[in-house]
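Okay, so here's the structure we're looking at.
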Amino acid sequence: MPAPELFLDLLRARGPSGHEDEPARVWRDAASAFADVSTDNLGSSVARVGDRDAKPLAIVGHIDEIGLAITHVDEHGLASFATIGGQIGEVLLGQRVQILSRNGPVPAVIGKKLPAPLGRGEEPKRTTLDDLYLDLGAKSRDEALELVRPGDTAVYAADPFELAGGRLASRAIDNRFGAYVALEVVRRLAEAGDPPPVAGVAVVGEEAGDYSGARTALYALRPAVAVVVDVTPATDVPGGDPRQGGEAELGKGPVIGRGLPLNSRLVDLLFETAEQEEIAAATEVVTGTTNTDADAVHLSRAGVPTGLVSIALRYVHMPIELADLADVEACVRLLVAFARRHAAATLDA
C-alpha cells in the first residue's frame, strides 16, 4: 500500500523536542478540516470530536523527534553539539543534517576528530559522541555564527522513501507514526458520522525524557481513558530477542502492551477488539515502566486508565527507521473499532 500523504507530510516536517512547531502546524492544519482543534502553552495539540461535555477517549502520540543542539562554535567554524534523545556515535558519524536556524535550514555534515596513531597491537577505539562535530563548510567562527547560533537544533537530512514489501524508511517515524494514528482515528470517526467523544492528542517533549507535553495536555483534557500510540524495537532482525519482552515483528500488526502500569481491563478490551475485527496483534510485556508517554499519562490527576499500542520498528533512533505500512493501517483500524465498540464513558474506572 502507498504511504498516506499526511504521514509523509509529518515525516518531512522537522521538529526535535522543544522545537515541534513545524510538524504540529501540519497536524493542526489537517485536523481543522474535521475536528475542534486547540493547542496549549507548551505546543501540544488536541483534535476533538463527539460530545464536548463528555470525558473523551484520548489517543496520544508524541510529535517530537530526536535531534542535536549546537553547544559551541570553534575558531575554524566547527560546531560542537549535544544530543536530544538517545543516540550513539557510530550512527551519527558521517550523517548529513539540517540545522534549524533563525533564517531557515542550514546543511551540515557530522565529522570525527582525527584519532591518535595506534600503538603496536592496539585496536581502534569506539566512536563516541565526544569525537564528533558539525561541519557547516564555514571558514571561521564568525562565518559560522552568521548562519547558526548555540542552541540551534538539527535533525537528520533523511526524508521518507518507500521500500519493497510495503515498507517505509525515514527519520522520525518515532513518533510521527503515533501522532498520525491519533489524528487518523479521529478523522475516520468524524467522517463516519455520530462519533463518540474522542480526542486525538499530539504531545511535545517525549524524547527529552520528562514527558512534559503528555503531563500538561492530559491534565487539561481530563480524559476518561487514554491509549498511547508509539513504537517498539522490532525483534525480527539479527540480535532481536523476543524473550526480553515479547515478539515484535514487522507486518504482524499492532503490538499491545500488557502489564504495570497499563490498565488490565483496558488492555483486555484492546485484545478483544483486535480479535473481533480479525486484526493480528502481538503482546509487549511491560513490568513497571513503558519508556513512553504512558508513564506520565496514567498518573494524570487522580489517575487515567491507560493502554499502549505500538508498531514494531527497525533501527529506532536512526536516520533510516523502518516500518511496515500495513502495521500503521492495522493500528488505525484497531483504534477506530475500539472507540466505536467501547464509548469512553463506559471505560471510566
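The values are calculated or read from the model by the stated rules, or taken from the named source; none is laboratory data. These figures come from a predicted structure and were not determined experimentally. Virtual Cβ from ideal backbone geometry, glycine too; neighbours counted across all protein chains shown. Areas reflect the complete protein model, heavy atoms only, side chains present, ligands, DNA and RNA absent. Shrake-Rupley method; radii C 1.70, N 1.55, O 1.52, S 1.80 Å.
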Q) Over the Cα atoms of the chain, what is the Rg over Rh ratio if Rh follows Kirkwood? A) 1.01
Q: With a ≥ b ≥ c taken as the square roots of the eigenvalues of the C-alpha gyration tensor of the stretch 236-282, please select rounded if a/c is under 1.5 and otherwise prolate if a/b is larger than b/c or oblate if it is not?
A: oblate
Q) Measuring from label point to label point, each 7 Å out along Cα→Cβ, what is the Arg243 to Thr39 span in nm? A) 4.8
Q) With each pseudo-label sitting 7 Å past Cα toward Cβ, what's the Arg96-Ile320 distance in nm, one decimal? A) 1.5
Q) Tell me, what % of the accessible area of the chain is carbon and sulfur with a 1.4 angstrom probe? A) 49
Q.
Give me the 1.4 Å probe accessible area per residue for the chain, excluding ligands and nucleic acids, in Å².
A. 44
**Q.** Quotient of Cα Rg and 2.2 N^0.38 Å for the stretch 205-349, N being how many residues it contains
**A.** 1.02
Q: Would you mind computing, in nm to one decimal, how far apart the modelled labels at Ala116 and Arg301 are, each placed 7 Å from Cα along Cα→Cβ?
A: 6.0
**Q.** the stretch 19-83 and the stretch 257-312: distance between their alpha carbon centers, rounded to Å
**A.** 23
(Q) If you take every DSSP beta bridge fully contained in the chain, what fraction is antiparallel? Give it as a percent rounded to 5. (A) 65
Q) Number of Lys-Lys pairs in the chain under 18 Å by Cα, sequence gap 8 or more or different chains? A) 4
Q. Between Rg and the Kirkwood Rh of the stretch 1-106, both from Cα atoms, what is the Rg to Rh ratio?
A. 1.07
Q. In square nanometres, what is one fourth of the surface area of the convex hull spanned by the alpha carbons of the stretch 57-177?
A. 11.4
Q) Given 4 °C and 1.567 mPa s, how large is the Stokes-Einstein diffusion coefficient of the stretch 243-325 in µm²/s, with Rh as the Kirkwood radius over Cα pairs? A) 95
